[in-house]
1. Return the pair list, or none, for Cβ contacts closer than 8 Å from residues in the stretch 135-154 that are on the phi > 0 side of the Ramachandran plot to residues that are open to solvent by less than 10 Å² (accessible area, probe 1.4 Å) and part of a strand (DSSP E or B), at least 6 apart or on different chains.
2. Restrict the check to the stretch 467-489 and report whether at least one residue is open to solvent by less than 60 Å² (accessible area, probe 1.4 Å), closer than 13 Å to M504 by Cβ and β-branched (V, I, T).
3. Report those helices (runs of 4 or more DSSP H) wholly inside the stretch 1-61 carrying at least 1 residues which are at pLDDT below 90, more than 37 Å from the chain's Cα centre (by Cα) and surrounded by 15 or more Cβ atoms within 10 Å (Cβ to Cβ).
4. Sort through D141, D123 and tell me the only one that's at pLDDT 85 or above and within 30 Å of F103 (Cα to Cα).
5. Name the single residue that is most open to solvent (accessible area, probe 1.4 Å) among those in the stretch 165-191 being more than 33 Å from the chain's Cα centre (by Cα) and farther than 10 Å from G144 by Cα.
6. Using the structure shown, decide if I495 is open to solvent by less than 20 Å² (accessible area, probe 1.4 Å), in contact with a strand residue (DSSP E or B) (Cβ under 9 Å, 6 or more places away or on another chain) and within 24 Å of G299 (Cα to Cα).
7. Taking the residues in the stretch 274-292 that are within 22 Å of Q379 (Cα to Cα) and touching a strand residue (DSSP E or B) at 6+ places or on another chain (Cβ under 7 Å) as candidates, determine which candidate is surrounded by the fewest Cβ atoms within 10 Å (Cβ to Cβ).
8. Under 7 Å by Cβ, and 6 or more places apart or on different chains, what pairs join a residue from the stretch 432-458 that is more than 13 Å from L486 (Cα to Cα) with one that is part of a helix (DSSP H, G or I) and among the charged types (D, E, K, R)?
Amino acid sequence: MLADSVSEDKKEFAETLPFGVVILNADKHVVWLNRFACSELYCSREQMLGASWNAAFPTILADEIAAEACDGSSPRQFKFGDQHFIAQITRYEGVEGGLLIVFQQMDRFEHLVKQMDSYKNLDVDLKAIFDISYDVIYVSDGQGITLRVSSASERLWGYKESELVGKSVYQLEKEGVYSPSITRLVLEKKEKISMTQTTKTGRRLMVVGVPIMDENGQIIRVVNASRDITEVSRLKNELTAMKQLSEGYRQELMNLRIKNDIDNQLIYRSEKMKRVILLAEKISKVDSTVLLFGESGVGKELIASLIHKWSERESGPFISVNCGGIPESVLEMELFGSLEATVNGHSGSFVTANGGTLFLDDIDQLPLSLQVKVYRAMQERKVSHAAGTAPLNLRVIASTSVDLEERVRKGLFRKDLYYLLNVVPMAIPPLRERREDVIPLILHFADRINKKYGISKKFNPRLLKTLQDYEWPGNARELQNIVERLLVTVDSEWIEIEHLPEYMDPNRSGQKLIQINRIVPLKEAVESLEKELLTLAQEKYGSTTKMAEALGVNQSTVSRKLQQYGK
């Protein structure tokens, strides 16, 4: 088969790319094309493999392919159906006399041009990163077969990359190349592993092994970053750098596998948010009214704006009106206009949003008197104001952070309006129910703020774990504010746990304080509190001098109390 000339790992990688990839052999027959190319060219892979490109697509790049115009400097343009595309043709070394065609829709080209460069040169870039790194970076597949090893392996393990690639980590562990195999432990425990490893050459390495999962939770790669800790004096600084490197490398690999990160506005990894985005994409193709449910700060307006952006109404206006915190008379004018406003060119948001989308945020706070007018405007598809009647052609998306059905039962919200709005309900989960989204969001916000202010600050990996465990009552909005606060107020390059506000630090927020559940003698209560405080201070400071300073007592008092309680 022609497709066999392209390795499986390159096929798998090509399937994740957000642009078309076609590989031709010397006879200009199709050797391979990815899923994106099939979708844009309206063909199936089965019918195209082995087929003549010119016979299948005589109007697409025929002259350039026949002349093998692959100088790599001048992009080519072509039209297929009603879409305009831009393409690049280069030599493909994996097939004798082969050509590589990479193409994308013109309107997406600017967004993806940098990515296309990085994809085309991925092997070169990765090799350069691997070879200049002081760390040994070791990549295996989901079965433990070695895929890549940086050149530093020869210095630390005594084996060249060519002697390790293609071999099983189980076999190498049996041969004593390293012990234990971190990759084996990651595959067995299906979680991140950090521990010391001994090599055949007698060196000791600190290794962090990170599993990379697919959407089904199956491990497809294990990435190990190793640091020589034979010289213990540099251990602390090197461990910090290594963990950051591991997290950054894992994040980059994860980014390549996310297909629905549109315009860099949607940052998510959780299955819950994937389902929300899939539903948003689906309903964007129709004109049904949508009711978004979710706590404050979860991103309801962002989802509403993306539904509008992905819809056929994209060229029309997206008008957002917050129904809360505005006097009723002002809100009525904002929604429906007034005679004076109409004369001056503003007929209210219902009319202004014609041809587009009207987003009614916090719809639950809409006064009952205005609920009648909103219902009538939506039901009759027209709005009456002082200057006359205007027909309506718009889509309404509403949002609420409360139980709207409960407000209906209490008579605070009209039942008929509720059912008119609740055609397609969408619940956006709070951040605490999708904790796997927290770290990607932090890294996204940090990158954006670093670029905005021309700084380069990083989060300690232990701090990232602490932030992931936090409840985030203010959801993504609170998270973004905390990230910006830390980046602009902390002077050091690394942001640590102690920089957190006190209420976010579990070691300072009173989580271990004594809970009073029953009446006890006062002396017993005092002793319990003293024991607890001594334990906390001992864990944090270690020395009695620092403990005494923190507790506000003499060192002798601390020593006596520790002896009294057997600490």
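1. Close Cβ pairs satisfying both conditions: G144/V222.
2. yes
3. Here the list reads 53-56.
4. Going through D141, D123 in turn, just one is at pLDDT 85 or above and within 30 Å of F103 (Cα to Cα): D141.
5. K174
6. For I495, the condition - open to solvent by less than 20 Å² (accessible area, probe 1.4 Å), in contact with a strand residue (DSSP E or B) (Cβ under 9 Å, 6 or more places away or on another chain) and within 24 Å of G299 (Cα to Cα) - is not met.
7. Within the stretch 274-292, the match that is surrounded by the fewest Cβ atoms within 10 Å (Cβ to Cβ) is S288.
8. The qualifying pairs are E433/K272; R434/K272.
The values are calculated or read from the model by the stated rules, or taken from the named source; none is laboratory data. The structure presented is a predicted model; accordingly, all values stated were derived computationally and were not measured. All Cβ positions, even for glycine, are placed from backbone atoms using ideal geometry, and neighbour counts span all protein chains on display. Note: accessible area is taken over every heavy atom of the protein model, side chains too, but ligands, DNA and RNA are not part of it. Shrake-Rupley method; radii C 1.70, N 1.55, O 1.52, S 1.80 Å.
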